[in-house]
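Values in this text are rule-based calculations from the coordinates and carry no lab data. The model shown is predicted, which means the values in this text are computed figures rather than measured ones. Cβ coordinates were reconstructed from backbone atoms using ideal geometry, including for glycine residues, and neighbour counts include every protein chain displayed.
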């Protein structure tokens, strides 16, 4: 792959960035888990950082909401956070303690949907702050990442039980077992082919599941233990993903052709990835406190 990778250090050292998303203001917004901040970086590399009001919140995933603000999960304090593009915060407490909210996405109903791995729930919050929680049927599933599917439902990964879950906006849950050996699904996104694509860290695969529950797996062979994490649909119609241990950014077409590019900084531990308004892919480098960008 001939893509070019560039890296930018966050202004705060040891910030441990996790989630990243394109904002309505054409900038990228990201969380700084260790620094307890939400960051913003323009496509030309100018940073701004905002401190989360609740100390030690541990901000994780972030998404652009339907209300023009950014919504994020606070893993350590069981809150859902909201920040305007002007930097004003609002925080909403979850009913369940120890929920450890992680993944978050916008649902087809105009609400935010999120995963609670600690409580084994899927949560929903309206833009007005009303929270509803739904239990995942399989005990100890550890739901982590969540995305909206082409079928009008929400789809999520079940890390510890090797499953992919589906929940309707009315709260009905269906679960599918990933057929790959040692499956450990982490990230999930809706693909341009209307299927759900997910990273399978345990099986060292990129997985695909149709909305009817039919699975396909594609092996990663560049390194012995790539541990793929985040995944998103790129502007080129392919799926782009991070390899947390392999230290690569990968690309897979909807027909299964895989290519990879190395991250210049060794041991960067890339996590989440998103498409920017500039048409590039932007990703977080967790252990080296950098934001990376790769041309498609």
What pairs can you find where one residue is in segment 76-95 and touching a residue at least 60 places away in the same chain (Cβ under 8 Å), the other is part of a strand (DSSP E or B), and their Cβ atoms are less than 9 Å apart, with a gap of 6+ or different chains?
85/29; 85/40; 85/70
How many of the residues making up segment 2-41 are part of a loop (DSSP other than H, G, I, E, B) and either at negative phi or buried (at least 19 other Cβ atoms within 10 Å of the Cβ) (or both)?
17
Which strands (runs of 3 or more DSSP E) does segment 186-296 wholly contain that include 2 or more residues that are within 18 Å of residue 163 (Cα to Cα) and under 19 Å from the mean Cα position of the chain (by Cα)?
196-200, 205-209, 228-233
Pairs returned, first residue in segment 274-296 that is on the phi > 0 side of the Ramachandran plot and touching a residue at least 40 places away in the same chain (Cβ under 8 Å), second residue that is surrounded by 24 or more Cβ atoms within 10 Å (Cβ to Cβ) and not in a strand (DSSP E or B), beta-carbon separation under 8 angstrom, 6 or more apart or interchain, are 289/15
Within 17 Å of residue 294 (Cα to Cα), in a loop (DSSP other than H, G, I, E, B), touching a residue at least 24 places away in the same chain (Cβ under 8 Å) and over 19 Å from the mean Cα position of the chain (by Cα), is that true of residue 45?
yes
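Here is a yes/no grid of residues against (1) out of contact with any helix residue (DSSP H, G or I) (no Cβ under 6 Å at 6 or more places or on another chain); (2) surrounded by 23 or more Cβ atoms within 10 Å (Cβ to Cβ); (3) within 23 Å of residue 278 (Cα to Cα):
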site: 178; (1), (2), (3): yes, yes, no
site: 202; (1), (2), (3): yes, no, no
site: 207; (1), (2), (3): yes, yes, no
site: 248; (1), (2), (3): yes, yes, yes
Considering only segment 127-152, state which residues are in contact (Cβ under 8 Å) with a residue 24 or more places away in the chain, part of a loop (DSSP other than H, G, I, E, B) and touching a strand residue (DSSP E or B) at 6+ places or on another chain (Cβ under 9 Å).
127, 129, 136, 137, 138, 141, 142, 149, 150, 151
